[in-house]
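First the structure, in the form of structure tokens, and then the observations on it.
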Amino acid sequence: MASPLKSLVHDDSRYQTSFQLFLQRSSEHQCVRDFIHNKLADILASIGDGKSHLNVIGVGSGAGEIDLEMLSELHKRHPDVTVDNEVVEPSSQQIHNYKALVAKTAELQSIPFSWHIMHSEDYEKQVKAKGDIKKFDFIHMIQMIYYVDDLQETIKFFQSLLKKNGRLMIVVESANSGWDILWKTYKKELCVGSIQEYRSSGEVVACLKSLGLKYEEHLIPQSFDITDCFDPSSEPGARLASFMTGTDRFHESFSPEIRAGMLDLLRNKCSTEKDGRVFFNGNMSCILIHA
Ligand SMILES: C[S@@+](CC[C@H](N)C(=O)[O-])C[C@H]1O[C@@H](n2cnc3c(N)ncnc32)[C@H](O)[C@@H]1O
């Protein structure tokens, strides 16, 4: 069983609300969408080449907005190929939102969806216990690798599920991005909740090298306005800072000294300033691991 702390965090409506606020404030989903329709489109096309059926699985899919974007790109590239889609997501609320999104997307009605309301660790145990191992053409993990118990085990297991010519895609914050600098500088204060060990693309790539797996890495550049975080009376600013530091309430979670240090780091080491606004470096990496 994954730790009870994890279930608390991801079914917690406060976490989901601050994640939604973050998505509204940042261009993260738009940048990932642009990446899907530009660079990833050809890769998805090549995964499907010569096949009449594709098995796809999303791990930590949230409400599925990005999953559906990829399925629609796959369908565009291979209109005659049938697709099965599976989802591993521990938050029942997010699965509910995902199902609602599928229901109103006409072009997806022919795709069967299987839902696994659980952590990836529990999915792994379930698959191993069943013995009958289904293989996949495309497995994706978008902005979720921070939450798994064991990075190496998770990559090893999901990579082993790939069919010939399949790809395991991991989207993660980039090495040296603002996230990487903030979370590594304040590791002691931040890695105490659902994230016990912060990972950026640097840790994922090091793990792939140690496993001897073939991969390629693409940058997904992104930045977003965090100016409100520096206004102590701004409620949206406090909620954004809470999401960025993985806490419930930024102002109450740290001592005034730590908070001041974090804000200084955010402004001076993690961001650039333009026209009086502070833009956080939220760069992401897309790592595609071969079968
Ligand atoms: C930051 S959200 C990303 C959601 C979505 N992929 C996106 O990019 O919009 C992280 C998601 O991972 C899920 N999650 C957390 N721990 C997980 C685990 N161990 N296995 C699978 N999913 C997990 C959370 O419930 C949450 O929906």
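Every number here is computed from the coordinates shown, using simple stated rules; none is lab data. Here the structure is a predicted model, which is why all the values come from computation and not from measurement.
Under 5 Å between amide hydrogens, which residues at least 5 positions from Ile220 or on another chain qualify, with H placed 1.01 Å from N in the peptide plane?
Amide H to amide H, under 5 Å and 5 or more residues apart or across chains, Ile220 pairs with Met284, Ser285, Cys286.
Give me the number: length gained by fully extending His96 to Asp150, i.e. 0.36 nm times residue separation minus the C-alpha to C-alpha distance, one decimal in nm.
In short, 16.7 nm is gained.
Taking amide H positions as placed in the peptide plane 1.01 Å from N, state which residues far from Asn165 in sequence (5 or more) or on other chains have amide H under 5 Å from it.
Ala291
Each residue of region 21-31 in turn: what ³J(HN,Hα) in whole Hz from Karplus with 6.51, -1.76, 1.60 and θ = phi - 60°, glycine and Pro shown as x?
4, 4, 5, 5, 6, 9, 9, 4, 5, 5, 5
What list of ³J(HN,Hα) couplings, whole Hz, do you get for region 50-64 from phi and the Karplus terms 6.51, -1.76, 1.60, once you set θ to phi - 60° and write x for glycine and proline?
Listing the rounded values in order: x, 10, 9, 8, 10, 9, 10, 9, x, 10, x, 7, x, 8, x Hz.
Strictly greater than 28 Å: what percent of every Cα pair in the chain meets that?
Everything past 28 Å amounts to 37 percent.
List, in order, the whole-Hz ³J(HN,Hα) value for each residue of region 276-288 obtained from phi through the Karplus relation with A = 6.51, B = -1.76, C = 1.60 and θ = phi - 60°; use x for Gly and Pro.
Rounded to whole hertz, the list is x, 9, 10, 10, 7, 7, x, 3, 10, 10, 10, 10, 10.
Against the 2.2 N^0.38 Å scaling, with N counting residues, where does region 145-198 land? I'd like the Cα-based Rg ratio to two decimal places.
For region 145-198, the normalised Cα radius of gyration is 1.38.
For Val278, enumerate residues with amide H under 5 Å from its amide H, sequence gap 5+ or separate chain, H modeled in the peptide plane.
Ile226, Thr227
As a test, work out the antiparallel percent of DSSP beta bridges whose residues both lie in the chain, rounded to the nearest 5.
Bridges in the chain are about 50 percent antiparallel.
Hey, what number do you get for the chain at 222 nm if only DSSP H runs of n ≥ 4 count, each worth -39500 (n - 2.57), divided across all residues, to the nearest 500?
When only DSSP H runs of four or more count, the value is -13000 deg cm²/dmol.
Please state the Cα pair-distance histogram of region 1-148 with 5 angstrom bins from zero: what percent is in each bin?
Histogram of Cα-Cα distances, whole percents per bin: 2, 8, 18, 21, 21, 16, 10, 4, 1, 0.
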